[in-house]
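Below is one structure, written out as structure tokens; the observations come after it.
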Amino acid sequence: MSRNPVAEALTQHDTLILDGALATELEARGCNLADALWSAKVLVENPELIYQVHYDYFAAGANVAITASYQATPQGFAARGLDEAHALTLIAESVNLAKRARDDYRAASHSQAALLVAGSVGPYGAFLANGAEYRGDYALPEAEMKDFHRPRVKALLDAGVDLLACETLPSFAEAQALVSLLAEFPDSSAWFSFTLRDAQHISDGTPLSRVAELVNAAPQVVAIGINCVALESVTPALQTLQALCAKPLLVYPNSGEQYDASSKTWHSAPSGCTLHDKFPEWQQTGARLIGGCCRTTPQDIAAIAACCQPQ
């Protein structure tokens, strides 16, 4: 039977604080991620910077680090001329960097908090690098979808993640394939986090009610939620999920900043629209794991962590 590290950690904490953005934080520290590999590029070029971002999130109060493997797949690295063995080594390195940051933070702080490493499993749409993870408009037979995900999943588990973060999922068929794949690794557990079309549907149009049925019936999926969505989309979707799911809910949306596509610039969040502003509302709507996605920072995570005290 698979271990449930989320349930274990929630015996210590009312709410588990997830980390915030990795890629946009790396960009803020000077990395150029205008690349199909996105943050996985930094695994090759500057892995110590990834370690430092993980450490800074733990120091800010995060209970969970999500590895830099969202776009790290053998297929993606192959396009750069890296063979599968090298690719799998880099995926394992994403885990080792997060684990080392956790261990170093724990040693420096003498923290007794539950600190987990979640292995990021981005969707097939992220490999396509054309925004498909927000549409889900791709179709791959289940066997091929499992073949795509299997090497990374195995590498993350072999490297010692506490659980998998199957995240930014836009496609119901892909979620089904991942549930089936998890059964090949019976000791593993995962959270499933989706992108949204609206408060009732994931990005490919599948109703959240159908998604909840899948997750409720999957013992290895230990939490369900949403990520990489606008702040204002969170509460209505959480309300939908709260009525459908008995499992812990998670949410890690983007910052409240507004993106101007014409100028390709970001503008400050409107008043009342930050993670900290929305945090109590999300707790009241059943979220037990809360963090940030794109353009959130260690400062954002520190602000919400300050709202929580261990039981």
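The values are calculated or read from the model by the stated rules, or taken from the named source; none is laboratory data. As the structure is a computational prediction, the values presented were derived from the model and not from experiment. Glycine also receives a Cβ, built like all others from the backbone with ideal geometry; neighbour counts cover every protein chain displayed. Heavy atoms of the whole protein, side chains included, go into the accessibility calculation; ligands, DNA and RNA do not. Shrake-Rupley method; radii C 1.70, N 1.55, O 1.52, S 1.80 Å.
Considering only DSSP beta bridges with both partners in the chain, what is the antiparallel share in %, to the nearest 5? Display every interim value, and only then the final one.
Details: 6 of 32 bridges.
Approximately 20 percent, going by the DSSP bridge assignments.
Tell me, what % of the accessible area of the chain is carbon and sulfur with a 1.4 angstrom probe? If you can, show how the numbers build up before the last one.
Details: 6240 of 12260 Å².
Carbon and sulfur: 51 percent of the exposed surface of the chain.
I want the antiparallel fraction of DSSP beta bridges within the range 81-229, as a percent rounded to 5.
Antiparallel: roughly 20 percent of the beta bridges in the range 81-229.
Which shape class, rounded, prolate or oblate, goes with the chain when its Cα gyration tensor gives a ≥ b ≥ c as root eigenvalues, a/c under 1.5 marks rounded, and past that a/b bigger than b/c marks prolate? Intermediate results must be reported in sequence, preceding the final value.
Details: a/c = 1.15, a/b = 1.06, b/c = 1.09.
It comes out rounded by the Cα gyration axes.
For the range 100-197, with every protein chain kept in place, what is the accessible area per residue (1.4 Å probe, Å²)?
Working: 3570 Å² over 98 residues.
I get 36 Å² per residue for this part.
Are any of the pairs 146/278; 99/146; 146/247; 99/247 more than 30 Å apart by Cα-Cα distance, and if so, which? Don't skip to the end; give the middle numbers.
Values: 146/278 36 Å; 99/146 26 Å; 146/247 24 Å; 99/247 26 Å.
The pairs that break the limit, which is 30 Å between Cα atoms, are 146/278.
Can you check what the net charge comes to around residue 92, using other residues whose Cβ is under 11 Å from the Cβ of residue 92 (Lys, Arg +1; Asp, Glu -1)? Please report the intermediate quantities before stating the final value.
Working: positive: 99, 152, 154; negative: 93, 158.
Computed value for this residue: +1.
Starting from the Cα of residue 45, move 7 Å in the Cα-to-Cβ direction to define the label point; list residues of the range 105-147 whose amide nitrogen is under 14 Å from there.
Flagged as within label range: none.
Treating only the Cβ of Lys, Arg, Asp and Glu as charged (+1, +1, -1, -1), what charge dipole size does the range 145-222 show about its Cα centre? Round to the nearest 20 debye. Spell out each step's value before the answer.
Details: 6 positive and 10 negative charges, 22 e Å.
Dipole magnitude for the range 145-222 comes out near 100 debye.
Using 0.36 nm per residue, how much length does the chain from residue 52 to residue 299 gain when fully extended, once their Cα-Cα distance is taken away? Could the numbers behind the result be given before it?
Numbers: separation 247, 0.36 × 247 = 88.92 nm, distance 1.45 nm.
Full extension of this stretch gives 87.5 nm more.
Please give the calculated 222 nm ellipticity per residue for the chain, where each DSSP H segment of at least 4 residues contributes -39500 (n - 2.57) and the sum is spread over every residue; nearest 500 deg cm²/dmol?
Numbers: 13 runs with 132 residues, N = 311.
That comes out to -12500 deg cm²/dmol.
GNM on the chain, C-alpha springs below 10 Å: top fluctuator among 131, 160, 225?
131
Taking the Cα centre of the range 191-263 as origin, work out the dipole magnitude from +1 charges on Lys and Arg Cβ and -1 charges on Asp and Glu Cβ, in debye rounded to 20.
On the way: 3 positive and 6 negative charges, 63 e Å.
That gives the range 191-263 a dipole magnitude of about 300 debye.
Using the crude model of +1 on Lys and Arg Cβ and -1 on Asp and Glu Cβ, and no other charge, please compute the dipole size for the range 83-242 relative to its Cα centre, in debye to 20.
Numbers: 11 positive and 20 negative charges, 72 e Å.
Result for the range 83-242 is approximately 340 debye, rounded to the nearest 20.
Can you give me the distance in nm between label points at residue 103 and residue 239, each placed 7 Å from the Cα along the Cα-to-Cβ direction?
4.7 nm
Under a plain spin-label model, where a point goes 7 Å from the Cα along Cα-to-Cβ, how far apart in nm are residue 75 and residue 213?
Between residue 75 and residue 213, the simple spin-label model gives 2.8 nm.
Taking 0.36 nm per residue of separation and subtracting the Cα-Cα distance, what length does fully extending residue 267 through residue 111 add? Show your work: numbers first, answer last.
Working: separation 156, 0.36 × 156 = 56.16 nm, distance 3.60 nm.
This chain segment gains 52.6 nm when fully extended.
Taking the Cα-to-Cβ direction at residue 84 and at residue 135 and moving 7 Å from each Cα, how far apart do the two end points lie in nm?
Distance between label points: 3.0 nm.
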